[in-house]
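Everything below concerns the one structure shown next.
All of the numbers you see were taken from the coordinates with simple rules; none came from a lab. What you are looking at is a predicted structure, and each value in this text was computed from that prediction instead of being measured. Positions of Cβ are backbone-derived with ideal geometry, glycine not excepted, and every protein chain shown enters the neighbour counts.
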Amino acid sequence: MSDLTVERIQRNNAVFREANERIHESAQTYAHDLEHIPFLCECPVEDCVEIVPLTEDQYNAVRANPTHYMTAVGHEVSEAPVGTVVSRNDGYVVVEKS
């Protein structure tokens, strides 16, 4: 994998992680009664816009490990060059990226 590809994937990870942190903060502030919060898929596909609905507990479990990212089911295939699936859940997959 080229250095440019790795750099793009890392940048993409950072952008989606930051966006999801803002979504989480907004849900805590404004819509705390939501059962599922609509997060963005954190796969390395540049134009992915898939929504991954998670409960707050599910989100916190993913974020408990800073190397874990959530992806939509089926998007784990695109993770093969940069990550390893660590769990498959109802509606989402957790991938560990280094």
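The figures follow:
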read-out: Restricting segment 59-84 to residues that are within 12 Å of the chain's Cα centre (by Cα) and of a type in the set (Val, Ile, Thr), the residue that is surrounded by the fewest Cβ atoms within 10 Å (Cβ to Cβ); value: Thr67
read-out: Residue among Pro81, Pro66 that is free of Cβ contacts under 8 Å to residues at least 12 places away in the same chain and of a type outside the set (A, V, I, L, M); value: Pro66
read-out: Segment 1-25, residues that are hydrophobic (A, V, I, L, M, F, W, C) and assigned to a helix (DSSP H, G or I); value: Leu4, Val6, Ile9, Ala14, Val15, Phe16, Ala19, Ile23
read-out: Search result, residues across segment 32-55 that are among the aliphatic types (A, V, I, L, M) and surrounded by 10 or more Cβ atoms within 10 Å (Cβ to Cβ); value: Leu34, Ile37, Leu40, Val45, Ile51, Val52, Leu54
read-out: Boolean, Gln58 is over 20 Å from Ser98 (Cβ atoms) and without any contact (Cβ under 8 Å) to a residue 60 or more places away in the chain; value: yes
read-out: Matching residues, segment 1-10, being surrounded by fewer than 15 Cβ atoms within 10 Å (Cβ to Cβ) and either farther than 20 Å from Glu50 by Cβ or within 13 Å of the chain's Cα centre (by Cα) (or both); value: Met1, Ser2, Asp3, Leu4, Thr5, Val6, Glu7, Gln10
read-out: Flag for Ser26 being over 15 Å from Asp90 (Cα atoms), of a type in the set (Gly, Ala, Ser) and in contact with a Pro (Cβ under 7 Å, 6 or more places away or on another chain); value: no
read-out: Among residues of segment 73-98, those that are touching a strand residue (DSSP E or B) at 6+ places or on another chain (Cβ under 6 Å) and either closer than 15 Å to Asn12 by Cα or acidic (Asp, Glu) (or both), counted; value: 7
